[in-house]
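Worksheet for the structure shown next.
The values are calculated or read from the model by the stated rules, or taken from the named source; none is laboratory data. The structure presented is a predicted model; accordingly, all values stated were derived computationally and were not measured. Every residue, glycine among them, receives a Cβ derived from its backbone with ideal geometry; neighbour counts consider all protein chains shown.
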Amino acid sequence: MLRFSDSSTSQFQIRVKILARLVTQFDGKLKGKMMDFILEDIRNRVDLAFAWLYQEYNLYLDKWPNGNLENYDECLTSLLSGLQEKPDQKDG
């Protein structure tokens with residue numbers, strides 16, 4: 001198992017949060033490219049997927065009660081659809 005030092009792990013987490021936050025600020029192609037990137041290797045990019053979902057939900061909460069969940073729903077359903085379309089990835 002690959003082990004990271006505390007500093008490299010925290011740097012990785014910071015990068016994931018920044019990237020997830022940035023992608024929520026844009027529409028269209030960038031979100032599509034991010035989705036493709038995540039789904040190419042979901043096992044190693046699951047942190048990015050959840051960080052993105054979290055940021056989309058936070059944007060909704062920031063605009064509550066007038067916000068809507070459209071971007072969050074789109075992100076979630078795209079992730080789930082992409083996972084469903086992928087062949088089973090077995091440990092190996």
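Matching residues to (1) out of contact with any strand residue (DSSP E or B) (no Cβ under 8 Å at 6 or more places or on another chain); (2) at pLDDT 90 or above; (3) exposed (fewer than 13 other Cβ atoms within 10 Å of the Cβ):
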site	(1), (2), (3)
ARG3	yes, no, yes
VAL16	yes, yes, no
GLY28	yes, no, yes
LEU48	yes, yes, no
ALA51	yes, yes, no
TYR54	yes, yes, no
ASP73	yes, yes, yes
GLN84	yes, yes, yes
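The residues of region 32-55 that are over 9 Å from the mean Cα position of the chain (by Cα) and assigned to a helix (DSSP H, G or I), listed by number, are GLY32, LYS33, ASP36, PHE37, LEU39, GLU40, ILE42, ARG43, ASN44. In this structure, is LEU76 free of Cβ contacts under 8 Å to residues at least 40 places away in the same chain, of a type in the set (A, V, I, L, M), touching a helix residue (DSSP H, G or I) at 6+ places or on another chain (Cβ under 7 Å) and assigned to a helix (DSSP H, G or I)? Yes; evaluated as a whole, the condition is true for this residue.
Residues in region 59-73 that are out of contact with any helix residue (DSSP H, G or I) (no Cβ under 8 Å at 6 or more places or on another chain) and either of a type in the set (S, T, N, Q) or part of a helix (DSSP H, G or I) (or both): LEU61, ASP62, ASN66, GLU70, ASP73.
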